[in-house]
1. May I ask you to sort Glu180, Glu113 by Cβ crowding, counting other Cβ atoms within 10 Å and putting the fewest first?
2. In which sequence would Thr213, Thr148 go, from the one with the fewest C-beta neighbours within 10 Å to the one with the most?
3. Would you list which aspartates and glutamates come within 16 Å of Lys49, measuring only between C-alpha atoms, while excluding same-chain residues fewer than 8 positions from it?
4. Quick one: Tyr79, Tyr99, Tyr32, fewest Cβ neighbours within 10 Å first, how do they rank?
5. Work through the residues other than Ile162 whose Cβ is under 13 Å from its Cβ and net out their charges, Lys, Arg +1 and Asp, Glu -1.
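Nothing in this text is a laboratory measurement; each read-out follows from the coordinates by a stated rule. Not measured: the values here are computed from a predicted model. As a convention, Cβ positions derive from the backbone with ideal geometry for all residues, glycine included, and neighbour counts pool all protein chains shown.
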Amino acid sequence: MGSRKGVKLRPTIEREKLRDLVLTLRKDALSYNEIIRRVEAETGAKLRKSHVSEWLNGKHRPFGYVRNFDPTPIPELAYVIGVELGDASMSVGKKNYNYMIKLRVIDKEFAEEFSRCLSVILRRSPPRVKWHEKTRSWHTQLSSLLLTNFLRQGLKVLVPTISHCDDCKAAFLRGFFDSEAGMTGRVLRVSNGDRDLLVLVCNLLSSQSVETTGIHLSKKAGNLVLIKGRFYRQNLDQMYVYVRSRSLNTFREKVGFTIVRKKAALDAALRRED
Ligand SMILES: [Zn+2]
């Protein structure tokens, strides 16, 4: 057994958290010294190499190879950004020590595509896609500090990755439409609360020769809020973008859906046109 000095004094919960953090950092292929520096920067705790080595080589050693995240723009990364910016079903850890990237969706092929993209981005095997009976949805998730931090950056920082090339643009749009779009009859619509994001989506669609109607605003009745003893209904801004029906074919060609039921709805809309 190596020395446990320093760590021994810490409560178990903190030790567990530190160990998780070390394991997460290792998945991002950081060296022992880099891990020690990051842990100290994030938590103030100064670990010894022996602790790190013990945790990484002990019975909790969960991987046989090193994983890395390289933020080079590729369509798989653009797809994940599109899903992340678009969907409430995906969450990225917001708190300290939480570097989980999770997707919970009703369409299996959506979860599988997301998992495949994560595997390409992080050069690892795809995280499992599991059926969750209680919520009747497909779950996939993994932990990566570097990818989580990358996705946490604002839209502005992510734009160069999203608009890297036509393939990246299309992949971003597909991710966004997989998560946000609805198709009713011949009406293809995406909605979101972020105007800047929708402006970007309109510009990217236009760059792929897909015409939209621009951004429509509608007020949606929200929750009752209590202000100075009186209840008011809070109106939430919701914005919509419609793809022009004459552009549906181009949308299918250039962007398309991963989700089978959305793909089928789009095919049906286009058949109706013939
Ligand atoms: Zn690209």
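1. Final ranking by Cβ density, sparse to dense: Glu180, Glu113.
2. Ranking Thr213, Thr148 by Cβ neighbours within 10 Å, fewest first, gives Thr213, Thr148.
3. List returned: Asp20, Glu34, Glu40.
4. With the sparsest Cβ surroundings first, the list reads Tyr32, Tyr99, Tyr79.
5. Counting the neighbours of Ile162, the net charge comes to -2.
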